[in-house]
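So the structure is just underneath, and the comments pick up after that.
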Amino acid sequence: MRILFRRARPGPLEYHRRWPLRLVMAAALLFLYAPLVALMAFSFNDSRRNIVWHGFTLKYYEKLFANTELMLAFANSLTIALCSTLISIILGLSAAYGLWRFRFPGRTLYQSVMAMPIVIPEICMGVAMMAFMARTGWPQDLVWPFNLGAIIIAHSAFSFPFAAIVIQARLESFNRELADCAQNLGAGEFRVFCDIILPHLRPAIVAGGLLTFTLSLDDFVITFFTSGPDSVTFPVKIYSMVRFSVTPEVNAASTLLIVITVALTALALRLQQRAAAGVPAQ
Amino acid sequence: MMQRQDDPIIRLRGVSKRFGTVQAVDAVSLDVRRGEFFALVGPSGCGKTSLLRMLAGFETPDAGSIEIDGQDMNKVEARNRPVNLVFQSYAVFPHMSVAQNVGYGLKISGCPRDDLQARVDAALRLVKLEGQEAKMPDTLSGGQRQRVALARALVLRPAVLLLDEPLSALDAKLREAMQLELVHLQKTVGITFVIVTHDQSEALSMADRIAVMQAGAVRQVASPSQLYDAPACRFVADFIGRINLFEAVASSRIPGRIRINSPLLGGIEREGSAEGPVTLAVRPEKIQLSRMPAAQPGWLELCGTLTGIAYFGGYCNVYVDIGAAQPLMAQITNAGAARALELSVGGKFWCSWRSEDTLLLMD
Amino acid sequence: MESWRKSPRAWALSMLAPGMWLALFFLAPLSLLWLISFGVKTGITSIDIDWTLANYARAAQPLYLAIFLKSLWIAAATTTICLIIALPVALVISFAPQQLRAWLLLLMILPFWTNLLIRTYALIAVLRGSGHVNSVLGWLWQLPDGLLAMIGLGGHHLMGAQFTPLEILYTDGAVVIGLIYVHLPFMVLPLYAALNSMDRSLIEASLDLGAGHVRTFFFIVIPLALPGIISGVILTFIPALGSYLTPDLLGGPGSQMIANVIERQFKAANDWPFGAALSFLLMYAAFFGLALRGLADRRAAQPGGAW
């Protein structure tokens, strides 16, 4: 009995082709994306109440950009993110390098403490920083950008371990013999680091930097406890707007933040993939 | 329809399977008889494992039909088929003990506790694993895990037992012992075994009949001796055992008789009909060596320089350069003959064999 | 790896800066918080470190105990539902062909990259009284009437007079939904990793021996994927337990969780010692969970690969 041109029944292990599982998968994806898509779509909706589609408009984006407080908060967020990223990269790079290269008593302890900011609930870190600032008499009336100092420090403290992890992963693939060879040719420690190791780490540094930038830009809880009325960041400002009303401007602001964050993270991911695939760092 | 006992237990007709752009199995038709030890043999990528998996129900054929024990397997899922598969990696469940592994299929089918216990014990005795019931798989050797896999499959009394490269993970000594054991096991239990292997010597030593596959198609199905002595084509001749090959051209001026001309061997006459390029072949053990030309009637003879000897204890392979691309390989048993010849590299030797031992292979 | 003594200067240069940063801006604040948890308020802004356990004792009062239990219950509900959803999803992804798999993983992770605040906020628009869910339900409600009206039998009000919108927002349910929404990717990833590294032939063997898919799933897949399941459960439970934004934005006055109470102690109620005590209790719970996970990982790494 010849059966021609028949699409094969799903094989026993082809779970992705069985309809009950496909249904669950589709439902899960719908659940995850529908609210976000609705949010982004309705930021263009010409209606205050925002449930029924009235017409396409960009006016809420205009309002957004005209809202000076919000724009100021955004500027603050960017500044904080840039500064904390810089600090995080330096700290993360040196920690990753030291841990990769040296054996020393207390190494495991050091690694565990470095892992702590990643696992501790954010609220604990936030209130700890708040108590610390109060107790140490942190100056409250600094001029911009120094008034953002506390937030920058707090952000770097919790995000440099992430950068360190990314860089450490890249160090694993570094051939130690290259460093030995350079030393053999007469290069000193510092030159070896700058000329040989750093170029290899470039994609990881950029990826780690993008990661910490995103973490800082997105952070709410820790910033909530370390910021003051004159050092408001973008997420904190949106939070206060959200608490009081659901306005389409918030939709517009959220859409903007989503787009920026996704773009940056996608970039970081691409860079990491290229590094892993062995594209030589220039 | 009453099932006659001499009906084949497996019947494949025109089975094909494609993976992406690769035609893994190409219109394969064959029969496996009841109670026989059947082997599917071929180089890697020839489609033998795909065919086995289609028998087990883990792949569905794009075309063709599979009948097992008279029943069409088209709509039958893997778990309902009267076959069981012993996987190449054995697939012993790491989180269950030996007894739990062996009893798994029985438990699933709702076998009552006492019956289950008795059957598990019997299966373990059959594969010589009595006393190991409570052991966990990570404490067992590879060979022992294979026995667990065998017991687990046999305890369900399938109509056919399928084995995917059963001996490839074992070391040489163990492999030889297992070959004998598997054959003995099959005769004891009496069910049909179908094994897949890339090792032709394994298939030759264990199977009642062998199907040689190449690039998705079956080239020949025959008993081991038939495959060895009367290969149907060049591929089979070369794949099974070792052989020497010569290019030749055949022409059939008188109907019923062929004249084959080979640059090295001269002319030979055979019954039958053939035209065009053919291959002549001779098995190494059929070749005799001597220091002097023998020139016997009915024998073919070539002269050459000895370029290599590979010593194997009970016999040795001798390589002679006869002016062709490949050296001629002859197999000499050491007793007497080799000593008398005083084989040495560089020496001049005459190689001769009976004309009727020359195989004619079309392609 | 070389000993630090071989180049002490390089070692100092690389290890001291991050070490000091951690000590000064991470360990010091936490230690301070720890000290405060043993303190007593002696004025509006002054605290005396009395080494009293009164704050921890206060956490055991019925009022706060209830909140602890509620937080545990909400986190547990979230984790359970996430597990139930994530298992089939991880199954689909890990058995999909290579290309499709990469895309599906990306799709699952993408929402995780967006801001937590925004994700939670997006749910408000969906769950509130005049939100998307209710507007769809309302439309469905009047559908029978509408259909009947089309064939001239209108005016019967089959489903009752007026559609009352479901009160989803500002309930415990909304918080659970919000937490599931945020943490689902965290559950899918470890499950996917565990399923991916599993030997497929074990599943085929089980099917070959006569078991159906459901039994294979419970007897073979789950026991072997257990370390991954435990990992996912802990990675979901701990953050859910300590979450602040989701109960704050989506929950009602009765859906307070630990983090909300802590926040109140440090802002409105101005009772820092008590807030510090609560923070540390939360941290100990987090560490306990991580220890469990470490134990599970170590058991998984033993030969045999499963419990």
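The values are calculated or read from the model by the stated rules, or taken from the named source; none is laboratory data. Given the structure is predicted, the values throughout are model-derived calculations rather than measurements. Every residue, glycine among them, receives a Cβ derived from its backbone with ideal geometry; neighbour counts consider all protein chains shown.
Data overview
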read-out	value
Which numbered condition B:ILE108 misses (of (1) farther than 27 Å from B:ASP199 by Cβ; (2) β-branched (Val, Ile, Thr); (3) buried (at least 21 other Cβ atoms within 10 Å of the Cβ))	(3)
The range B:343-361 residues that are within 22 Å of B:PRO231 (Cβ to Cβ), paired with ones that are among the hydroxyl-bearing types (Ser, Thr, Tyr) (beta carbon under 7 Å, 6 or more apart)	B:LEU361/B:THR279
Test result for B:ALA122, without any contact (Cβ under 8 Å) to a residue 12 or more places away in the chain, assigned by TED's automatic domain parsing to the domain that holds B:SER97 and of a type outside the set (Phe, Trp, Tyr)	no
Selection count, the range B:60-82, where residues are among the hydrophobic types (A, V, I, L, M, F, W, C), out of contact with any Ser or Thr (no Cβ under 9 Å at 6 or more places or on another chain) and assigned to a strand (DSSP E or B)	2
Output for the range A:194-217, where each listed residue is within 12 Å of chain C (Cβ to nearest Cβ) and more than 15 Å from A:SER156 (Cβ to Cβ)	A:ILE197, A:LEU210
Single unsatisfied condition, C:LEU91 versus (1) within 8 Å of chain A (Cβ to nearest Cβ); (2) farther than 22 Å from A:LEU23 by Cα	(2)
Search result, residues across the range A:86-115 that are within 7 Å of another protein chain (Cβ to nearest Cβ), free of Cβ contacts under 8 Å to residues at least 12 places away in the same chain and of a type in the set (A, V, I, L, M)	A:VAL113
Residue match in the range B:43-59 (condition: part of a helix (DSSP H, G or I), more than 19 Å from B:PRO224 (Cβ to Cβ) and among the β-branched types (Val, Ile, Thr))	yes
Residue within the range A:167-186 that is among the polar types (S, T, N, Q) and touching a Ser or Thr at 6+ places or on another chain (Cβ under 6 Å) present	no
Residue list for the range B:251-270, filter: part of a strand (DSSP E or B) and either acidic (Asp, Glu) or in contact with a Phe, Trp or Tyr (Cβ under 9 Å, 6 or more places away or on another chain) (or both)	B:SER262, B:GLU269
Output for the range C:185-194, where each listed residue is surrounded by fewer than 23 Cβ atoms within 10 Å (Cβ to Cβ) and within 11 Å of another protein chain (Cβ to nearest Cβ)	C:PRO185
Meets criteria (surrounded by 13 or more Cβ atoms within 10 Å (Cβ to Cβ), within 28 Å of the chain's Cα centre (by Cα) and either aromatic (Phe, Trp, Tyr) or not assigned by TED's automatic domain parsing to the domain that holds C:PRO273 (or both)) for C:SER31	yes
Exclusive hit being at pLDDT 80 or above, under 23 Å from the mean Cα position of the chain (by Cα) and in a helix (DSSP H, G or I), set A:ALA268, A:ALA182, A:ALA275, A:ALA204	A:ALA204
Condition met for B:VAL120 (of a type in the set (A, V, I, L, M), outside any loop (DSSP other than H, G, I, E, B) and within 23 Å of C:ARG215 (Cα to Cα))	yes
Residue among C:ALA122, C:ALA77, C:ALA102, C:ALA86 that is part of a helix (DSSP H, G or I), among the small types (Gly, Ala, Ser) and outside the structural domain of C:PHE217 (by TED's automatic domain parsing)	C:ALA122
Verdict on B:ALA324 being free of Cβ contacts under 8 Å to residues at least 60 places away in the same chain, more than 24 Å from B:LEU227 (Cβ to Cβ) and assigned to a loop (DSSP other than H, G, I, E, B)	no
Criterion: at positive phi and either over 20 Å from the mean Cα position of the chain (by Cα) or of a type outside the set (Gly, Ala, Ser) (or both) - qualifying residue of B:GLY103, B:GLY47, B:GLY64	B:GLY64
Among the residues listed as C:GLY39, C:GLY43, the single one being more than 24 Å from the chain's Cα centre (by Cα), within 14 Å of chain A (Cβ to nearest Cβ) and buried (at least 17 other Cβ atoms within 10 Å of the Cβ)	C:GLY39
Residue ID - nearest to the chain's Cα centre (by Cα), chosen from residues in the range A:1-45 that are at pLDDT below 70 and more than 7 Å from every other protein chain (Cβ to nearest Cβ)	A:PRO10
Residue in the range A:218-233 that is farthest from A:ALA81 (Cα to Cα), counting only those that are assigned to a helix (DSSP H, G or I) and at pLDDT 85 or above	A:PHE225
Boolean, B:PHE38 is of a type in the set (Phe, Trp, Tyr), under 18 Å from B:THR192 (Cα atoms) and within 14 Å of chain C (Cβ to nearest Cβ)	no
Verdict on B:ASN101 being assigned to a helix (DSSP H, G or I) and either touching a Phe, Trp or Tyr at 6+ places or on another chain (Cβ under 7 Å) or within 15 Å of B:ARG147 (Cα to Cα) (or both)	yes
Residue check, B:GLN214 farther than 29 Å from B:LYS128 by Cβ and assigned by TED's automatic domain parsing to the domain that holds B:ARG18	yes
Hits in the range C:1-17 - residues which are part of a helix (DSSP H, G or I), within 7 Å of chain A (Cβ to nearest Cβ) and over 16 Å from A:VAL192 (Cα atoms)	C:TRP4, C:MET15, C:ALA17
Any hit, the range A:160-174, residues being in contact with a helix residue (DSSP H, G or I) (Cβ under 8 Å, 6 or more places away or on another chain), more than 7 Å from every other protein chain (Cβ to nearest Cβ) and of a type in the set (Lys, Arg)	yes
Failed item in (1) at pLDDT 85 or above; (2) not in a helix (DSSP H, G or I), with C:THR45 passing the rest	(1)
Search result, residues across the range C:195-219 that are within 14 Å of chain B (Cβ to nearest Cβ), aliphatic (A, V, I, L, M) and either assigned to a helix (DSSP H, G or I) or buried (at least 21 other Cβ atoms within 10 Å of the Cβ) (or both)	C:LEU202, C:ILE203, C:ALA205, C:LEU207, C:LEU209, C:ALA211, C:VAL214
Search result, residues across the range B:218-240 that are at pLDDT below 95, buried (at least 18 other Cβ atoms within 10 Å of the Cβ) and among the small types (Gly, Ala, Ser)	B:ALA237
Output for the range B:211-250, where each listed residue is part of a loop (DSSP other than H, G, I, E, B) and within 18 Å of B:ASP199 (Cα to Cα)	B:ALA215, B:GLY216, B:SER223, B:PRO231, B:ILE240, B:GLY241, B:ARG242, B:ILE243
